[in-house]
Structure formats: structure tokens, C-alpha cells
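The values are calculated or read from the model by the stated rules, or taken from the named source; none is laboratory data. Because the structure is a prediction, the values reported are computed rather than measured. For neighbour counting, all protein chains shown are included, and Cβ atoms are generated from backbone atoms with ideal geometry for every residue, glycine included.
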Amino acid sequence: MFINKTKDGRNNLIGERLAVLRTGMKLSQRAFADKLQIGGLEIDKNAIQRIECGKRFVTDIELVKICRALKTTPDGLLADYLDE
């Protein structure tokens, strides 16, 4: 049976790295959500919080917009998981 969760029960792989990169840019979750909204992604602070703590799935469209906002690539967000 296929399960759409990580081994530790998270719904996405990028959340922890997203939080590190976002805080490295000195952006609050609200400011980051605002940045994503300016870039065309309808998302709010609560969604960012849920992504970062692993409670929310991330679509490929969201992944692309998040990468653009963080000035990184999908590989940059997924680097810890690419060799598994």
C-alpha cells in the first residue's frame, strides 16, 4: 500500500528547509505569504505555517512559486532527500 507521508508522518519534504531559508532571509511567515501573493500564489500565513510543520501537502505549482520567492530550485529545497 502506498502512503503519501514521510517516515515521520509529515505531508511534505520541503517544510523544514523552507523555514530555514525563509528565516535566513529574515522574513516572517506573514511577510513570506505576502511575497508569494505578489508573485501570484494565493496563500496565507497559516498555510505557510502548516507547510513548515509538515501538516500540509505542497503542489508542484506551489513548489515553483516558493522556489522563485526563495531564489532557489526544487533541488535546493529537496537536497536532503534526493539520495534516498
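Screening Leu13 on (1) out of contact with any Asp or Glu (no Cβ under 9 Å at 6 or more places or on another chain); (2) modelled with pLDDT under 95 shows it passes everything except condition (1). Does the range 46-62 hold any residues that are among the aliphatic types (A, V, I, L, M) and over 17 Å from Thr73 (Cβ atoms), and which are they? Those that are among the aliphatic types (A, V, I, L, M) and over 17 Å from Thr73 (Cβ atoms): Ala47, Ile48, Ile51.
Among the residues of the range 34-84, those that are charged (D, E, K, R), surrounded by fewer than 14 Cβ atoms within 10 Å (Cβ to Cβ) and closer than 12 Å to Ile14 by Cβ comprise Asp60, Asp75, Asp80. Of all residues in the range 32-45, those that are touching a Lys or Arg at 6+ places or on another chain (Cβ under 9 Å) and farther than 21 Å from Leu78 by Cβ total 5. Report every pair of residues separated by at least 6 positions or lying on different chains whose Cβ atoms are under 9 Å apart, first residue within the range 16-30 and closer than 11 Å to Gln49 by Cβ, second basic (Lys, Arg). If the second residue must be basic (Lys, Arg), the pairs left are Ser28/Arg22; Ser28/Lys45; Gln29/Arg22; Gln29/Lys45; Arg30/Lys45. The set of residues from the range 11-33 being out of contact with any Cys (no Cβ under 8 Å at 6 or more places or on another chain), surrounded by 14 or more Cβ atoms within 10 Å (Cβ to Cβ) and within 17 Å of Leu82 (Cβ to Cβ) comprises Asn12, Leu13, Ile14, Glu16, Arg17, Leu18, Leu21.
Among the residues of the range 34-56, those that are assigned to a loop (DSSP other than H, G, I, E, B) and either of a type in the set (Gly, Ala, Ser) or in contact (Cβ under 8 Å) with a residue 24 or more places away in the chain (or both) comprise Gly39, Gly40, Leu41, Cys53, Gly54, Lys55, Arg56. Restricting the first member to the range 61-84 and to residues that are among the small types (Gly, Ala, Ser), and the second to residues that are assigned to a loop (DSSP other than H, G, I, E, B) and surrounded by 11 or more Cβ atoms within 10 Å (Cβ to Cβ), the beta-carbon pairs closer than 7 Å and six or more apart or on different chains are Ala69/Gly39.
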